[in-house]
Each structure stands twice: as C-alpha cells, then as structure tokens.
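The values are calculated or read from the model by the stated rules, or taken from the named source; none is laboratory data. None of the values given here were measured: they were computed from a predicted structure. Here Cβ is always computed from backbone atoms with ideal geometry, including for glycine, and neighbour counts include all displayed protein chains.
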Amino acid sequence: MKIMHCPLNGPRNIQEFVYGGEVQDMPADDAPDTAWADYVFLENNAAAVVQEWWMHAASGYWFIAERDTRADEILRTYAPGDATQAAAETGDA
C-alpha cells in the first residue's frame, strides 16, 4: 500500500488523495486565450522532481507534494503557505 503524508491529517493511503496538477505561475489577467489554454490543459510532464497540487478528498485540504516522477516517489509534502520556506530549504529561493 502506498502512503502519502498529508500536512494536516498525517500519513494516509494514497487512494484518499486527488491529483490537482503541477504547481505553476498563472498567466496575467490580460494574457491571450492561448496562454490560458496552455495553463489549464498542458503540463510539462518532466522526468524530474516536480511540485504538484494534491487534495485530501476526505477533508478537502489542498497541499503541495514534491514527487520524483522517475521513481514515482513522494519526497515531501507541505502546506501552500510553506512554499517559500520549502524553496529556501532547497536553495530555490
């Protein structure tokens, strides 16, 4: 059984979670429709460590997971408000 750590609810069965897409910057309000279509429908799908939105379905809690797509391994999870701290820890800030 695969386990994911929810920052709010602790370790849970992966079946309790819903994937929400890659973390990415939103286009500007006045961006062309093509930019918005790319934002909504396209993903990088990189073979690397990526940041993704996940939701714990039972509680409706959204959070960010860092996952290595090459091994399908969840490296860590954190609340969206902790993203700045997480970037500082990895040197991405």
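Odds and ends about this structure:
- Pairs where the first residue, in the stretch 10-30, is within 18 Å of ASP68 (Cβ to Cβ) and the second is aromatic (Phe, Trp, Tyr) and in a loop (DSSP other than H, G, I, E, B), C-beta under 6 Å, 6+ apart: none
- Note on the stretch 50-60: residues that are loosely packed, with under 13 Cβ neighbours inside 10 Å and either within 20 Å of GLY81 (Cα to Cα) or without any contact (Cβ under 8 Å) to a residue 12 or more places away in the chain (or both) amount to 3.
- Hey, ALA47 part of a loop (DSSP other than H, G, I, E, B), hydrophobic (A, V, I, L, M, F, W, C) and touching a residue at least 40 places away in the same chain (Cβ under 8 Å) or not: no
- Every residue from the stretch 12-40 that is closer than 26 Å to ILE74 by Cα, assigned to a loop (DSSP other than H, G, I, E, B) and of a type in the set (D, E, K, R): ASP25
- Test: TYR78 is out of contact with any Pro (no Cβ under 7 Å at 6 or more places or on another chain) and under 19 Å from CYS6 (Cα atoms): no
- Qualifying residue in the stretch 11-25 (condition: of a type in the set (Gly, Ala, Ser), loosely packed, with under 14 Cβ neighbours inside 10 Å and modelled with pLDDT of 95 or more): no
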